[in-house]
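Worksheet: the structure to be examined is printed underneath.
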Amino acid sequence: MPVYRRTVVPSAAALAAALTALSASPASAAPATGDHRTGTADAVVLRAGLDVSLLDKTVRVPVNASLNDVHAPGNAARTALSVRVGGAEKGRPVELLRADAATARATADERTATGRAELVHAKVHVPGLPLLSLIEVRQVTSEAVCRAGRRPSATSNLLGPVTVLGKKVTLSTGGTTNVDVPGVGRVRLDLSKTATTSRTGAATALELAVDVNPLKLGVAEVHGRVTLVKAGCETPAGAAEQPPAPARQTPAKEATRTSATDAKPQTVADKRDLAETGGSSATPWIAGAAGLLVVGGGGALITARRRTAARSRG
């Protein structure tokens, strides 16, 4: 018995010391989160920048207007159906756009930024053409989405016919179309312009370069650009897609008592509960060290027994 005690006691002390050292290690190391800045997004239904010349260019009136122009971070949305400007047509207000539906929405947080704009059954006018629409569209949408850890996407869709200066036109997808109307003017249309980079996305459904000269309607010239249904976004900085949490393994004895209906998927909340109850990434190391020390102690005990037996025979 004295021999056994001298052999086993040091092994038990070493085991206790090893378990104490491993248990003192941090339960888990928090990953570096970096700079989690919120993304940005924007959307607009109409943006016009026109230069109107009245009375044989003796009066110049700039016309700058926008409809449902929204920006994020946060959550912004507008649904106005018309926009008017004054002073560009003999003092009378000009309704640049009227639609059955016109919406723009921009949302952005630390994970996703999205801009979206839509226009339904809309007519756009410019000063000097009170009875003739610059353009008529049935339905137009643009959307830009920027998600953390993914490449941004940008799309534009144009549904139904398009009429420019009273003429129905066929637009080439992703190209440029020129429309000339004698005695009225010229319009150049760029359809479905999209662009993406590693962090940004932008989509414009229609962009019009306007050169109107209605000589008999009291307005000398109208030059400028009109943008319809545009959306953009920028990816949140420092955020990345988190890998799915690993499934927690069930001990063999518990597995035999657990039915299929009791099983549930591992969630982030389950992972936090595990840390709170004492489990951590160091648990496998503790178990391994304990096993090695127990085996070592058993070997020492067997050796001591053989030595005692040998002495008794001697």
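What does the accessible area per residue of region 131-226 come to in Å², with a 1.4 Å probe and no ligands, DNA or RNA counted?
Ligands and nucleic acids excluded, the figure is 49 Å² per residue.
Pick out, in residue order, every one of the trypsin sites (Lys or Arg not before Pro) in region 117-199 that is DSSP loop and has at most 13 other C-beta atoms within 10 Å; say none if there are none.
Of the trypsin sites (Lys or Arg not before Pro), the ones in loops of region 117-199 whose Cβ has at most 13 other Cβ atoms within 10 Å are Arg150.
Using the Karplus curve 6.51 cos²θ - 1.76 cosθ + 1.60 with θ = phi - 60°, what ³J(HN,Hα) values do you get for each residue of region 104-117, in whole Hz, with x for Gly and Pro?
9, 9, 9, 10, 7, 9, 7, 10, 9, 10, 9, x, 8, 9
Kirkwood hydrodynamic radius, computed over distinct alpha-carbon pairs, for region 92-186: how many Å, to one decimal?
The answer is 15.5 Å.
Can you give me the solvent accessible area of Arg47 with a 1.4 Å probe, rounded to the nearest 10 Å²?
Rounded to the nearest 10, the figure is 90 Å².
I want to make sure I understand the PRE zone here: with the label point 7 angstrom from the Cα of Thr196 toward its beta carbon, which residues in region 142-160 have backbone N atoms less than 17 Å away?
142-157
Just the accessible area per residue of region 48-126, please: how many Å² with a 1.4 Å probe?
Heavy-atom SASA per residue in region 48-126 reads 51 Å².
Which residues in region 58-84 place their backbone N less than 19 Å from a point set 7 Å from the Cα of Arg225 along the Cα-to-Cβ direction?
Residues 62-70 fall inside that zone.
The values are calculated or read from the model by the stated rules, or taken from the named source; none is laboratory data. Given the structure is predicted, the values throughout are model-derived calculations rather than measurements. Cβ coordinates were reconstructed from backbone atoms using ideal geometry, including for glycine residues, and neighbour counts include every protein chain displayed. Ligands, DNA and RNA are excluded from the accessible area calculation, which covers all protein heavy atoms including side chains. Shrake-Rupley method; radii C 1.70, N 1.55, O 1.52, S 1.80 Å.
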